[in-house]
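The values are calculated or read from the model by the stated rules, or taken from the named source; none is laboratory data. Only a predicted model underlies this, so the values are computations on that prediction, with no experimental measurement involved. Glycine also receives a Cβ, built like all others from the backbone with ideal geometry; neighbour counts cover every protein chain displayed.
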Amino acid sequence: MEAQGCKHDDSGDEEPTTQSDRSEGIQGTLKTLISKLDDLSTCNDLIAKHGAALQRSLSELEALRVPVEGGEKIKGVNERATLFRITSNAMINACRDFLDLAETHSRRWQRALQYEREQRIHLEETIEQLAKQHNSLERAWREAPTLSVNTPSSPTTKKGGSERPQKGEASDEDEDTEYFDAMEDSPAFITVTATENTQHRCSQSNLCGVSGGHTNDWNQDNVSPSCKDSGKELQPLRKRRSRIPDKPNYSLNLWSIMKNCIGKELSKIPMPVNFNEPLSMLQRLTEDLEYHELLDKAACCENSLEQLCLVAAFSVSSYSTTVHRTAKPFNPLLGETYELDRLDDLGYRSLCEQVSHHPPAAAHHVISQRGWTLWQQITISSKFRGKYLSIMPLGAIHLQFHSSENHYVWRKVISTVHNIIVGKLWIDQSGDIEIVNHRTKETCQLKFSPYSYFSRDVPRKVTGVVSDSGGQAHYILSGTWDDKIESSKIVQSSKGGSGSEGKQKTVYQTLSPKLLWKKYPLPDNAENMYFFSSLALTLNEPEDGVGLTDSRLRPDQRLMEAGRWDEANSEKQRLEEKQRAVRRRREAEATDALDNECDYDDSGREYDGFQPQWFHKRKNDITGETTFVYKGGYWEAKDSQDWSTCSEIF
């Protein structure tokens, strides 16, 4: 287990890569301030010197014999010079007071900075010493239970002797040992990679069930024959775009925004597109499908535990696009939709609709020809906590495979945007995800570790355990949410020593890890295209035949993508005002219906306010929640190009 130093989160102020710049910046500021104070002191002395010289010259001139008229003028100049001297003396005294005060505070700041530097060095030395002690204790613990762990029935023991080396001997197994944070009741578990001989014996006895070490090799022995070539059936019909116009380098005057906010309700403040990226929240939700091939492979799995591993990798992959994406997407208008029809090349169709505005909620439905259906309703809740913004997606994600009828449910973790007020924005994901197969009761517990300056863990770390219905662990998942996820099959588990809190740790002996998911590299010039992925670059590409409420047709978003931000701001304000007017009219109709004790509108239908066009509310038998699910009709309307039931929202 890696040393766990101070585990509290100290990430509110700094981005992980800028911690070392803090003391240098303060020191540089102090040096600049001292230099400016020296300049001010020099100017102070010069004013006093030249003022005294001017006063002497005027006194000498007044003593000379000159005509009466000239004497009066000289006297007037002398009086003005006296007033200037008095004013200069007052300014000199004020400057002297400021210098004294600044020098006092400068010394105080230097002492505080020196104290902070010493404390930081002391803390680093303490943490390093604790880490060394921790590693020493762990080595002693690993060597102590040699006789009790390596019993004749253990898979790690081979006739002829492959026992663990005694203390003092070199051990290849120690070099391959991996450690993970706790996912069960205990604070931690340990994984030990099995030796080469153990892996061979495991494959002979059919314990492994998996071959190869790459994503493409995963499950090739346990897939149905009809699935092995399914990826070759569909071919793309057209080439999609691979770039968008570069992001303009527009400056943002925060004061011009803030002064227009005085006395207004927060929900009515028009925020400029400078804070946005040219995609809507519905399109960002569709980005979850970037690694849909994980679900295609999972649909072909005959082993439900292996299928659960791939589903877990898919749930983690949806966060990979957020690592550099600090700009917010456009808030969809009520009734706005977004379709992604990739049936011909990728085998799936996706539809999103904004079903509520307060609170903002979107419903999403995806069906794939490759054997799976996914649906979700996500409501975004956010809390501003001073230095950072917490974004909490509320709602369950459902995934069902057609052949096995395995039904998985999970929820998203909390996203945190740091340095909202000052500093460079950066995003972190933290929390736990529990994925449950409600047909077999198998589970996967995923842990997203929050970033901490004092942690020795890899940033953005994700660990997980896949267990059967009886709670027995079968796979260990490890990786990071911005790069890759690997899976290691457990061949033996045993109880180890006690952890720092007195709880027993579980020791898992595993096979070598196999890659489940690897993030695609970003396109060239991505830093100038909002850090969009290859899929994100295509999401707002104009497309014929889409619904009248599709996000691709939203004018302010289209103008922003083209780099015409001033026009985009005007158009955004017009759309928001139009939406508010529609809401006021709807509220007035509801009030009139209530006053007249009438439950029906002008067309004779029961009055129940806004109703989404393609989704309706239904109670889920598994979660017990009432959510919006797809009711059908959209793709039929697209085939016939009959959008007569769509509202004009743009």
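Worth pointing out:
- Taking the criterion of being exposed (fewer than 11 other Cβ atoms within 10 Å of the Cβ) and of a type in the set (Val, Ile, Thr), the only residue of segment 34-62 that qualifies is Thr42.
- Residue match in segment 531-539 (condition: at negative phi, assigned to a loop (DSSP other than H, G, I, E, B) and modelled with pLDDT of 95 or more): yes
- Where strands (runs of 3 or more DSSP E) fall wholly inside segment 342-438, the ranges with 2 or more residues that are at pLDDT 95 or above are 348-357, 360-368, 372-384, 396-401, 407-411, 426-437.
- Put simply, of His50, His122 the only residue that is closer than 24 Å to Tyr453 by Cβ, assigned to a helix (DSSP H, G or I) and modelled with pLDDT of 75 or more is His122.
Each row is one residue, and each column tells you yes or no for (1) assigned by TED's automatic domain parsing to the domain that holds Arg411; (2) crowded, with 17+ Cβ neighbours inside 10 Å; (3) farther than 28 Å from Glu648 by Cβ; (4) polar (S, T, N, Q).
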residue: Leu346; (1), (2), (3), (4): yes, yes, yes, no
residue: Arg349; (1), (2), (3), (4): yes, yes, no, no
residue: Glu353; (1), (2), (3), (4): yes, yes, no, no
residue: His358; (1), (2), (3), (4): yes, no, no, no
residue: His364; (1), (2), (3), (4): yes, yes, no, no
residue: Phe384; (1), (2), (3), (4): yes, no, yes, no
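- Matching residues, segment 375-397, being under 23 Å from Phe628 (Cα atoms) and touching a Ser or Thr at 6+ places or on another chain (Cβ under 8 Å): Gln377, Thr379, Ser382, Ile391, Met392, Pro393, Leu394, Gly395, Ala396, Ile397
- Search result, residues across segment 439-452 that are among the aromatic types (Phe, Trp, Tyr) and at pLDDT 95 or above: Phe448
- Index of the failed condition, Gly470 passing every other in (1) surrounded by fewer than 16 Cβ atoms within 10 Å (Cβ to Cβ); (2) in a strand (DSSP E or B): (2)
- Thr321 being in contact with an Asp or Glu (Cβ under 6 Å, 6 or more places away or on another chain), surrounded by 24 or more Cβ atoms within 10 Å (Cβ to Cβ) and not assigned by TED's automatic domain parsing to the domain that holds Arg574: no
- Test for Glu302: is it of a type outside the set (A, V, I, L, M), at pLDDT 95 or above and closer than 28 Å to Thr443 by Cα: no
- Enumeration of residues in segment 411-426 that are surrounded by 20 or more Cβ atoms within 10 Å (Cβ to Cβ) and of a type outside the set (D, E, K, R): Val413, Ser415, Thr416, His418, Trp426
- Residue match in segment 454-462 (condition: within 27 Å of the chain's Cα centre (by Cα), in the same structural domain as Ala312 (by TED's automatic domain parsing), at pLDDT 95 or above and in a loop (DSSP other than H, G, I, E, B)): no
- When Ser230 is tested against the conditions (1) of a type in the set (S, T, N, Q); (2) at pLDDT 90 or above; (3) farther than 30 Å from Arg564 by Cβ, the lone failure is (2).
- From the list Ala298, Ala312, Ala361, the lone residue that is in contact with a Gly (Cβ under 8 Å, 6 or more places away or on another chain), farther than 30 Å from Glu576 by Cα and among the aliphatic types (A, V, I, L, M) is Ala312.
- Residues located in segment 530-554, provided they are under 20 Å from Pro272 (Cβ atoms) and loosely packed, with under 15 Cβ neighbours inside 10 Å: none
- Ser390 vs. criteria touching a strand residue (DSSP E or B) at 6+ places or on another chain (Cβ under 7 Å) and surrounded by fewer than 15 Cβ atoms within 10 Å (Cβ to Cβ): yes
- Flag for Tyr475 being farther than 15 Å from Ser315 by Cβ and of a type outside the set (D, E, K, R): no
- Contact map, segment 388-409: first residue within 15 Å of Ser430 (Cα to Cα), second residue part of a strand (DSSP E or B) and of a type in the set (Phe, Trp, Tyr), Cβ cut-off under 6 Å, separation 6 or more or different chains; the map is empty.
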